Amino acid sequence: MSELIKNMPTIALRGMTVLPAMVVHFDISREKSIKAVEQSMVRDQKIFLIAQQNPEENNPGIKDLYRIGTIAVVKQVVKLPKNIFRVLAEGIERAELLDLEENGDYLEATVEVSDGNQMEQYSPNTQEAMMRALKDIFTVYGVENDKISKELVQQILENTRLDKLMEQIAINIPIYFEEKQRILEAEDFQKRYDMICLLLTNEIEIFRIRKNIQMKVKERVDKNQKEYILREQLKVIREELGEDTTLSDIDQFHEKVRKLKASPEVKEKIEKEIERFKNVGNHSAESAVIRGYIETLLEMPWNKASKDNRDIKAARKILEEDHYGLEKVKERVLEFLAVRALTEKGDSPIICLVGPPGTGKTSIARSIARALDKKYVRISLGGVRDEAEIRGHRRTYVGAMPGRIAAGMKSAGVKNPLMLLDEIDKVSSDYKGDTASALLEVLDSEQNSHFEDHYIEIPMDLSEVLFIATANDAHTIPRPLLDRMEIIEITSYTENEKFHIAREHLVKKQIERNGLDGEKLHISDAALKKIISAYTKEAGVRNLERKLGEICRKAAKEILEDGKKSVKVTESNLVHYLGKERYSINRLNDSDEVGIVRGLAWTSVGGDTLQIEVNVMDGKGEFVLTGQLGDVMKESARTGISYIRSVRERYQIDSEFFNQHDIHIHIPEGAVPKDGPSAGITMATAMLSAITGIPVRADVAMTGEITLRGRVLPIGGLKEKLLAAKNAGIKTVLVPQKNKSDVEEVPGEIKKGLEICYVESMEDVLERALVQKKNKKAVEEKR
């Protein structure tokens, strides 16, 4: 028999299924559910409880609900804080949802109640057999499930009706609401019975598996506890014997050797040392030495290597992000990466970056490590004068330790790091050995695959290490060591390069370091150029960065003290932040003069122009040189005067002139030492001009070494010298013919606006530098 019930208040339950005969508490907060409970209390306290298919649905319709629910009687309603109601209800009977309507503020359902109890179709004997089978399974379930109380099991087993027994079991076993919903929806009695039996059997199997796992875990824990107790007892015995740590250390050493990635020869050597350590008493002085040696060997990266980055485009992007310019270095690194990608293994280059201070040699090495995804190790060689610093001390010495190369490999943790040998030109030697000679094996790709450190005593493979050395002056590096390295010169930055570096890197770095941002501080491009030209004089950018830091600090003080929201630094207010200008460029002379010639010089902070002055006076043929000149420069001056004396007839100079006159050469800025042969043609031109009275063009500068026969030899530092000439307003620069290839490598922005003339002899120099006779009269009239 079935019964149709209309307009029954309905609650859609989230994550819950209520079965017939089930007494349950549940909380409701939706307005529709609260109104439905209120309506049922007004009527006959009956309400239809049905589960949602999706518990997350806030406004469910008939499609969002299961087909079968339960008619329940509301026993109690309690109001809780935050508009939550707790309902106590008891399920009465199953019902099928036919229709669902929203009546005002709550849901009403049309349901059909059917007689789901089809137990009567079975004979009493069949019912008894089914009930006994179910009770047997539930009894086993009660034994296997520790969490269900024995009283509840007994109470359920006391049921004498099969349908009541099934209801009580379904209600009290802890299963998901979906499983309960399937039991509720089972229309056939036999199907419902089978489902409950299967659920109980599955739960029993799960409990047994869980108990089995717990048993194994317990056995393992018991075993560990037993071992722990035995170890503690052994530890106490060792403490009594004074050998509390030696054996445990040996066990740890053996374990580390087993896990160590190294060749059998290395492992064999370590095992021998461990046996020595085991046989030496714990209180022996040698014990600490052997322990330190074993620990060092175990920490060395024998066969452990990191995976290099093979993406050449990503590497280029990183290098470009970190540094402006330095094209030769970047290109060489990318070439190495390309070869490594094609051949899987290529010889790691040994590169030496030579250039003035502050040009980014050390930082580009760090950037290369990041681009290649290598570990980075920096070893400072400045002032190192002991060979043991490189090769390590022999273990026979007290306080012996590995050399810096081995220590660097140890700290890197891999056998293929990037190792920066900083300031390699600053190494020295004394009675303890020659440091540079010790580096010969390290930097020789044919030998460093078996580099032996005196302390470690086992050959180390350095062939996969990417060595990058830095130096300020390649001339101080011993020739055999220099020959093993690939020299890449990093020249001084041009003002344009400094401007780009400052704008793209240094300003952002200093703003961030001083707690500012781009909105609080703005430095104009004109101000940056002014800082570069008037407040710094260097080859690199270190002082430039310091000046930018000084501006940032003063801007931060202004923002805090004066309450400014932002600070703008321009060319006009730069004096307020950095004070008066510190440097000025030696501009070219206004007019052509006799005995004054503009020379070009290379310094450690870039190029510069030198104004060489010569005076001729009545005297006894003395030759005077002032301006703190070095020996090489003095020899160049004497070579120049000898050349002039040899060609005196060509310039109509009297033979007695040199006996009756004194010649004085002076180079201003006497406090600054000066040396080198590159001012040879400059001094010779100045002396000839002073002797003959022919003026020298003011817009000409020159550099080159002179020989006795007047030939012009090549010189170095051309980029810096040409840059200095350009800044001074020089229009024509005389350069040795043999330096033509060097000039071609100079960036176009430096050569722009300069007329570069190549000279092979003093005749070429004098022809272009001296004011020609047709112009000489005009010069004299001007005087």
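The values are calculated or read from the model by the stated rules, or taken from the named source; none is laboratory data. The structure presented is a predicted model; accordingly, all values stated were derived computationally and were not measured. No Cβ is skipped: glycine too gets one built from the backbone with ideal geometry, and neighbour counts run over all protein chains shown. Side chains are part of the model used for accessible areas, which takes the heavy atoms of the whole protein and leaves out ligands, DNA and RNA. Shrake-Rupley method; radii C 1.70, N 1.55, O 1.52, S 1.80 Å.
Structure above, values below:
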read-out: Convex hull volume per residue in cubic angstrom - Cα atoms of the chain; value: 336
read-out: Tensor-based shape of the stretch 338-398 (alpha-carbon gyration tensor, a/c under 1.5 rounded, otherwise prolate or oblate); value: oblate
read-out: Total charge dipole magnitude, the stretch 1-153, about the Cα centre, Cβ charges on Lys, Arg, Asp, Glu only, Debye to nearest 20; value: 520
read-out: Using alpha-carbon coordinates, inclination of helix 124-144 to the longest axis of the chain, degrees; value: 40
read-out: MRE, 222 nm, helices only [DSSP H, n ≥ 4, -39500 (n - 2.57), over the chain, to nearest 500]; value: -13500 deg cm²/dmol
read-out: Accessible area (Å², per residue) of the chain, counting only protein heavy atoms and a probe of 1.4 Å; value: 53
read-out: Loop-located trypsin sites (Lys or Arg not before Pro) in the stretch 64-139, at most 16 other Cβ atoms within 10 Å (DSSP); value: Arg67, Lys82
read-out: Gyration tensor verdict on the stretch 286-348 (Cα atoms; rounded if a/c is under 1.5, prolate if a/b is larger than b/c, oblate otherwise); value: prolate
read-out: Value of relative contact order over the chain, rounded to a whole percent, pairs C-alpha under 8 Å and six or more apart; value: 7
read-out: Net dipole in debye of the stretch 608-659 [+1 Lys, Arg Cβ; -1 Asp, Glu Cβ; about Cα centre; nearest 20]; value: 160
read-out: Unsatisfied cross-links (Cα-Cα over 21 Å) in the set Lys267/Lys304; Lys307/Lys415; Lys426/Lys740; Lys498/Lys537; Lys259/Lys374; Lys269/Lys375; value: Lys426/Lys740; Lys259/Lys374; Lys269/Lys375
read-out: Percent carbon-and-sulfur accessible area, the stretch 479-518, ignoring ligands, DNA and RNA, probe 1.4 Å; value: 43
read-out: Global form of the stretch 359-435, assessed from the alpha-carbon gyration tensor, a/c cut-off 1.5; value: oblate
read-out: Selection from Leu734, Phe451, Leu544, by position along the positive dipole direction of the chain (Cβ); value: Leu734
read-out: Peptides ranked, highest mean first, by Cβ atoms within 10 Å: ranges 387-394, 470-477; value: 387-394, 470-477
read-out: Under 5 Å, built H, 5+ apart or other chain: amide partners of Ser761; value: Val712
read-out: Förster-model FRET efficiency, 30 Å R0, Lys740 and Lys313, C-beta, rounded to 0.05; value: 0.25
read-out: Charge dipole magnitude, Cβ of K and R +1, D and E -1 - the chain, Cα centre, debye nearest 20; value: 1780
read-out: Signed unit charges on C-beta, dipole axis of the stretch 190-238, positive-most listed residue Leu198, Gln233, Val221; value: Gln233
read-out: Lysine pairs with alpha-carbon atoms under 26 Å apart, the stretch 557-647, spacing 8 or more or separate chains; value: 6
read-out: Nearby lysines by direct alpha-carbon distance to Lys738 (threshold 19 angstrom, same-chain neighbours under 8 apart not counted); value: Lys719, Lys721, Lys751
read-out: In sequence order, calculated HN-Hα J values of the stretch 257-273 (Karplus, 6.51, -1.76, 1.60; Hz; x Gly/Pro); value: 4, 4, 8, 5, 8, 7, 6, x, 5, 5, 5, 5, 4, 5, 4, 4, 5
read-out: Loop-located GluC sites (Glu not before Pro) in the stretch 267-345, at most 13 other Cβ atoms within 10 Å (DSSP); value: Glu344
read-out: Qualifying GluC sites (Glu not before Pro) in the stretch 515-594, DSSP loop, other Cβ atoms within 10 Å at most 14; value: Glu519, Glu581
read-out: Long-range amide H partners of Met460 with built H, under 5 Å; value: Phe451, Glu452, Asp453
read-out: Cross-link reach list, lysines versus Lys147, counting only Cα pairs under 29 Å and skipping chain neighbours closer than eight places; value: Lys75, Lys135, Lys164, Lys180, Lys191, Lys211, Lys216, Lys218, Lys223
